[in-house]
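**Student:** Mind having a look at this structure? Questions to follow.
Each value in this text was obtained by applying a stated rule to the coordinates, not by laboratory testing. If you're wondering where the values come from, they're calculated on a predicted model, not measured in any experiment. Here the Cβ positions follow ideal geometry from the backbone for every residue, glycine too, while neighbour counts run over all protein chains shown.
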Amino acid sequence: MRKNLNRYKSKQKEIFNQAISEIKKGKKESKWIEYIFPLMHGIDIIEEKEYEISNVIEAREYLNDDVLLKNIIEILKLLQKSNIKEIMGEKELKKIHCSLTLLSYITNPNFKNLLIFRGYEEKLIKKVFTENKEFKIFNEIIEKQFENSLENKTIMLIESELLEYSLKENTLKNIEHNSLKLAEDILIKYSEFSPLVVSSTEQSLVLKKSKEYFQSLTEEEFEIFSKFNIDKTILKYANRVRKRIKKKVMINTIPTLILVGLITLSIINTPTTAYTIEENTIALLPTKSCMPAISEIENIEEIKKAKEEEIRQEQIRIEEEKKEEERRAAEKRSYELAYNYIEPTGVGNVDVVNIAMSQVGNIGGYPYWSWYGFSSRVDWCSIFVSWVADQAGVLNTAIPKFARASEGANWFINNSLFRSRDYIPREGDLIFFDWDYNGVSDHAGYVRYAENGIVYTVEGNTLNDDCSLHSYPMNSGYILGYGTPNY
């Protein structure tokens, strides 16, 4: 691993003095961040993948190297006295946040114990695990410049790597030799979504992928999976998914078993050896193959009762789902119909849109959630809408201050300023989305313009946790409606 770090050393020889000069001038002008600040692999803002850190051990090796450590500490001491955001700009600030999160995490005194717990070899840990009083600068800058908050995606990637290492190194020890190849294949499939398992912000996606994965496993594969060294909560969820599958199979199988059982019993109780069912002209012989079916239906009455109970429960479930659908439909109609609409004054607001578009590229929602009063990151789409309104001077007049999309939508409804999706929105109108079709808004943004059946938007807190531009068919079911401010 030490040899691999030469890619950083050779590059730093070229750019280090330039980096120092630019920091002292107060403005970053050339490209050097990724050559000095190591970034965890998988961070999507890395421009040169050659300079991403392969794993946590290589990150510790980076800190063990005298030259690399000296250079990064020197840069950080200069930045510590400055406003990093003013020098770097938003995108490069994000990279520094990611890098410092990595360095802070792996120099935490408890990190050594975590490596031991996850099954890393003690020799390897001894080789790379050094202590240095200068490491404290990582936390000092995070505390001062980033309000003491770590970058979520980097934490997720580190913990994901530790999880996968633990799976690969320890799990396979529990598997019989002749099943090792199958176990490795199962593990590879599992690791495709395991990074999401440690992310608190992606739970719905985790559950969807987990459910699909657990449903796809055969009985043999699932037996192997149950021996994996994974979180007990995940294993419990896997078992619940599997039980539901078996339950469905049982519901579909019971009628067949009853039919086969009745036929079989009639065969057994009659001395003839061959029988013809006139309707289908099928001959049946009582053979050993009938015995499993006979054992399954020894108590037909109990099976019938179980089936009746299953049918009853299914009817209750269908009825409850029907009521829930009716409730949601009624709630949705209240958004679209149950208000008197007042035609807004003006033709829109170009300033609002321009301010919102000037933020495109922001990742993580800082400074919007900080402006709102939160000390760390929260879902920030509506906060972004409020922040833009404040910058444009229309907050609490044309647009309310709100942190949840449903609150914003309700304000426009209650003030008779809400339109359904058949409305052609103006520049600067608010657009509200309903991702799960339950009549309640989940997400909000600004309309840039609408034409040819397409609405074009600028939104915060999108899929990549960023501020970005989007477009949708105006008849999309995801669009709940529009807030039309009196600009």
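**Student:** Pull up all non-local amide H partners of ILE53: gap of 5 or more, or a different chain, and H-to-H distance under 5 Å with H placed in the peptide plane.
**Tutor:** Hits under the 5 Å cutoff: LEU39, MET40, HIS41.
**Student:** Still on this structure: About the Cα centre, and with charges only on the beta carbon of Lys, Arg (+1) and Asp, Glu (-1), how big is the dipole of the stretch 1-100? Nearest 20 debye, please. Mind showing how you got there, number by number?
**Tutor:** Numbers: 20 positive and 17 negative charges, 66 e Å.
The calculated dipole for the stretch 1-100 is roughly 320 debye.
**Student:** Skipping prolines and chain starts, which residues have an amide H placed within reach, meaning under 5 Å, of the one on GLY445, given they are 5 or more residues away or on another chain?
**Tutor:** ILE431
**Student:** Using packing as a proxy for protection, rank 406-418, 139-151, 17-29, 437-449 so that the peptide with the highest average count of other Cβ atoms within 10 Å comes first.
**Tutor:** Details: 406-418: 18.7, 139-151: 16.5, 17-29: 13.7, 437-449: 21.0.
My ranking of the peptides, most packed first, is 437-449, 406-418, 139-151, 17-29.
**Student:** Say the cut-off is 25 Å between C-alpha atoms; which of LYS31/LYS127; LYS9/LYS49; LYS181/LYS227; LYS112/LYS208; LYS94/LYS123; LYS95/LYS136 go over it?
**Tutor:** Working: LYS31/LYS127 32 Å; LYS9/LYS49 16 Å; LYS181/LYS227 15 Å; LYS112/LYS208 34 Å; LYS94/LYS123 34 Å; LYS95/LYS136 19 Å.
Beyond 25 Å: LYS31/LYS127; LYS112/LYS208; LYS94/LYS123.
**Student:** Specify the inter-centroid distance of the stretch 430-487 and the stretch 46-96, based on alpha-carbon positions, in whole Å.
**Tutor:** Between the Cα centre of the stretch 430-487 and that of the stretch 46-96, the gap is 37 Å.
**Student:** First obtain the Kirkwood hydrodynamic radius of the stretch 382-422 from its Cα pairs, then insert it into the Stokes-Einstein equation at 20 °C and 1.002 mPa s, and state the resulting D in µm² per second as a whole number.
**Tutor:** On the way: Rh = 10.5 Å.
Here the translational diffusion coefficient equals 205 µm²/s.
**Student:** Counting Lys +1, Arg +1, Asp -1, Glu -1, what net charge surrounds PHE135 among other residues with beta carbon under 15 Å of its beta carbon?
**Tutor:** Working: positive: ARG60, LYS70, LYS77, LYS112, LYS133, LYS136; negative: GLU61, ASP65, ASP66, GLU74, GLU131, GLU134, GLU140, GLU143.
That sum, taken over residues with Cβ under 15 Å, equals -2.
**Student:** Counting Lys and Arg as +1 and Asp and Glu as -1, what is the net charge of the other residues whose Cβ lies under 13 Å from the Cβ of VAL350?
**Tutor:** -1
**Student:** Taking the alpha-carbon set of the stretch 79-163, what are its Rg and Dmax in Å?
**Tutor:** For the stretch 79-163, the Cα radius of gyration and maximum Cα-Cα distance read 14.4, 43 Å.
**Student:** Now, a different point. Which whole number in µm²/s is D for the stretch 1-129 by Stokes-Einstein, with the Kirkwood Rh taken over Cα pairs at 10 °C and 1.306 mPa s? Each step should come with its number before you reach the end.
**Tutor:** Numbers: Rh = 15.4 Å.
Answer, rounded: 103 µm²/s.
**Student:** Can you give the three extents of the C-alpha atoms in the stretch 17-86 along their principal axes, from longest to shortest, in whole Å?
**Tutor:** Rounded to whole Å, the extents work out to 34, 27, 19 Å.
**Student:** Sorted by average packing, counted as other Cβ atoms within 10 angstrom per residue and highest first, what order do 318-325, 74-81 take? Each step should come with its number before you reach the end.
**Tutor:** Numbers: 318-325: 10.4, 74-81: 14.6.
Averaged packing, sorted descending, gives the order 74-81, 318-325.
**Student:** Using mean Cβ contacts within 10 Å as the protection proxy, how do 384-392, 103-111 order, highest first? Let's see the in-between values first.
**Tutor:** Working: 384-392: 23.3, 103-111: 18.0.
So the peptides 384-392, 103-111, ranked by packing, come out 384-392, 103-111.
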